[in-house]
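S.K.: The structure that follows is given in the form of structure tokens.
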Amino acid sequence: MKQARSGKQHPPKFLPMTKSEADARGWRELDVIFVSGDAYVDHPAFGVPLLARLLESAGLKVGIIAQPDWRSKEPFMELGRPRLFFAVAAGAMDSMVAHYTPARKLRRDDAYTPGNRHGARPNRATIVYTSRLKEAYRDVPVVIGGIEASLRRFAHYDFWEDKVRRSALLDAKADLLVYGMGESPLLELVKRLQSGEPFASIRDIRGTAYASSSLPDSADGLLELPSFEEAAADKKVYAESFRLLSGEQNPGCARVVAQRHAERYLVCNPPAQPLSEKALDAVYALPFLKAPHPGYKEAIPAYEQIRSSITTHRGCFGGCAFCAITHHQGKTIQSRSEDSVFQELERLSAFSWFRGSVSDLGGPTANMFGLSCGDPVAGSGCRRGSCLFPNPCANLVTDDARSARLLAGARKLSGIKHIAVSSGVRYDLLERQPRYLRELVGHHVGGLLKVAPEHLTDHVTQVMRKPGRACFERFRDAFLKESCRVGKKQHIVPYFISGHPGCTLADMVDLALMLKRWGMQVEQVQDFTPTPGTLATCIYHTGIDPLTGDSVYVPRSDREKGLQKSLLLYHLPQERKNCLLALKECGREAAAAELFAATPRR
């Protein structure tokens, strides 16, 4: 991932959002224009600015149209016609997830919008933005990407319409879909376009999908999934389609996958190869200003939360059923060098607004930094969805020397007063990482450590692909013991999901009683939302675990899901009535005495 620019370096500027800003750079025509459902924040935690900066470093003239008014085509014409293509992303979240609660009620806020205001992007933003661009410039190619397009690239269950929808690529009528992390596919696309190759002929880039009237010839084999029509009509077929697709996530052994939609095919090339350490270091060395575009006059909550955070790695091999990270970033851990992280910390400390506290040093799972498969040959052909479930893989290297060294070195840097690890840890991994645990507990927990067991009833955690109760208890004891050893009074704040497939009211009663006996009170409960592309969403739609064939109980009604959530919040007076209803409904009235007994919180 070579940066093309050389010679005298000028102070970085924000990428242009308006014609006047492009004119000020002397740019009469841009090469690529990104359209994003998020506000423009020049920070590597925001996907569109990261990719835009990457293309800029390759010598391209790049602009961003952020949160355009989609009610007409004019806002999409602000920067004119790009020479190569438009690149569209709904934002850091699926637009439907961003707009609606798990009860399908309209949200009133949007953390990626100035002023935290709802309504700055449309429902199904990828489709709407592409439609407007085609209206404005019918002959300009549109490339869609980001998490919305990525996880909706095949026929997928849509919770908000309660039906199976077509591929987002076909609904959007875009020219190409980039899925997963987009650096390599976009750079290759640009390189080939610059060499004169017609856009329509570029059909073999890894990490991309396209529409075709026929099946392609594939030297490495081809997997044809059941058609959209078949998957939409039969839940068993949908589950089988998910099972087949789940085996094609590893770049080392994945095939071309096709799915017929009426008379056309969605053709998906194998995933892009993970970035090397050198390539990832180059991405995070780009000249990010770590600030919102100066045209914004109101605070952007998502930026305020992450502006002093540092991403150390990508990917997650946890394989949790409800999580989209593995599907989007991949199972392979791609770690930066320690020097790269330290250099970014030094740059962070030079910003005038920085006061010495780093809000997070981590990634999707903080303690996966530096981990890898110990058998590259076996790893290249591995089709496991998780390296940890149901048991840690024998080939998984869990040595924590590098991650512990990173924490120890980072906190000694000049200008750094405190570093938090708030992106979450896998406590089943911590059992194998004593040095990281000591560093974490001794220096990087501000009194409360947030962890996400999600549930503690074993048959529910089996469905979730999470460790069970015994593992959490071992972690709790080890955390408290280590906190005591270093002379700190610290606590665990657990996060749980209510209404997840496999969980009944009785299971939630059992969980509430466990927490009561341990003196733990839950402050936040996430009601399960069936987001596109995940295993848990497939189970929700079909009632079948596609990887085992087992039938799974699914709580569907808003009433039951609400009662499950209330049980975890039993300590709140306003939830007592619902808790009593839940106990009565599952014949556990006798548990009320214990659940509501006065117990001091530990």
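The values are calculated or read from the model by the stated rules, or taken from the named source; none is laboratory data. Keep in mind the model is a prediction, meaning the values are calculated, not measured. Methodologically, a virtual Cβ is constructed for each residue, glycine included, from the backbone with ideal geometry; neighbour enumeration extends over all protein chains shown.
S.K.: Pull up region 72-82, narrow it to residues that are touching a Lys or Arg at 6+ places or on another chain (Cβ under 8 Å) and part of a loop (DSSP other than H, G, I, E, B), then point me to the one that is surrounded by the fewest Cβ atoms within 10 Å (Cβ to Cβ).
M.R.: S72
S.K.: Restricting attention to region 275-287, report how many residues are among the hydrophobic types (A, V, I, L, M, F, W, C) and within 21 Å of the chain's Cα centre (by Cα).
M.R.: 4
S.K.: I need the strands (runs of 3 or more DSSP E) fully contained in region 170-238, keeping only those with at least 1 residues that are under 18 Å from F85 (Cα atoms) and modelled with pLDDT under 95.
M.R.: Hits in region 170-238: none.
S.K.: For G487, indicate whether it is in a loop (DSSP other than H, G, I, E, B) and without any contact (Cβ under 8 Å) to a residue 24 or more places away in the chain.
M.R.: yes
S.K.: Give me the residue from region 122-154 that is among the basic types (K, R) and closer than 18 Å to M77 by Cβ and, out of that set, farthest from the chain's Cα centre (by Cα).
M.R.: R138
S.K.: I would also like to ask the following. Residue under question is D69, and the condition is that it be without any contact (Cβ under 8 Å) to a residue 24 or more places away in the chain and either part of a loop (DSSP other than H, G, I, E, B) or assigned by TED's automatic domain parsing to the domain that holds N123 (or both); does it hold?
M.R.: Criteria met by D69.
S.K.: Quick check: anything in region 517-528 in contact with a strand residue (DSSP E or B) (Cβ under 7 Å, 6 or more places away or on another chain), in a loop (DSSP other than H, G, I, E, B), buried (at least 23 other Cβ atoms within 10 Å of the Cβ) and not assigned by TED's automatic domain parsing to the domain that holds M96?
M.R.: Checked region 517-528: at least one residue is in contact with a strand residue (DSSP E or B) (Cβ under 7 Å, 6 or more places away or on another chain), in a loop (DSSP other than H, G, I, E, B), buried (at least 23 other Cβ atoms within 10 Å of the Cβ) and not assigned by TED's automatic domain parsing to the domain that holds M96.
Each row is one residue, and each column tells you yes or no for (1) over 16 Å from Y179 (Cα atoms); (2) surrounded by fewer than 18 Cβ atoms within 10 Å (Cβ to Cβ); (3) not assigned by TED's automatic domain parsing to the domain that holds S386.
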site: E224; (1), (2), (3): yes, yes, yes
site: E229; (1), (2), (3): yes, yes, yes
site: A239; (1), (2), (3): yes, no, yes
site: L244; (1), (2), (3): yes, yes, yes
site: Q249; (1), (2), (3): no, no, yes
site: C253; (1), (2), (3): yes, yes, yes
site: V256; (1), (2), (3): no, no, yes
site: R260; (1), (2), (3): yes, yes, yes
site: R264; (1), (2), (3): yes, yes, yes
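S.K.: So which of Y553, Y540 is part of a loop (DSSP other than H, G, I, E, B) and either touching a residue at least 40 places away in the same chain (Cβ under 8 Å) or touching a Pro at 6+ places or on another chain (Cβ under 6 Å) (or both)?
M.R.: After applying the criteria, what remains is Y553.
S.K.: Shifting gears a bit: Take G446 and decide whether it is in a loop (DSSP other than H, G, I, E, B) and on the phi < 0 side of the Ramachandran plot.
M.R.: yes
S.K.: Would you check which residues across region 386-398 are assigned to a loop (DSSP other than H, G, I, E, B) and in contact (Cβ under 8 Å) with a residue 24 or more places away in the chain and list them?
M.R.: Across region 386-398, the qualifying residues are S386, C387, L388, F389, P390, P392, T398.
S.K.: Which pairs have Cβ atoms under 7 Å, sit 6 or more apart or on different chains, and link a residue in region 115-139 that is modelled with pLDDT of 95 or more and outside any loop (DSSP other than H, G, I, E, B) to one that is surrounded by fewer than 23 Cβ atoms within 10 Å (Cβ to Cβ) and of a type in the set (K, R)?
M.R.: Within 7 Å, the pairs are T130/K173; R132/K73; K134/K173; E135/K73; A136/K73.
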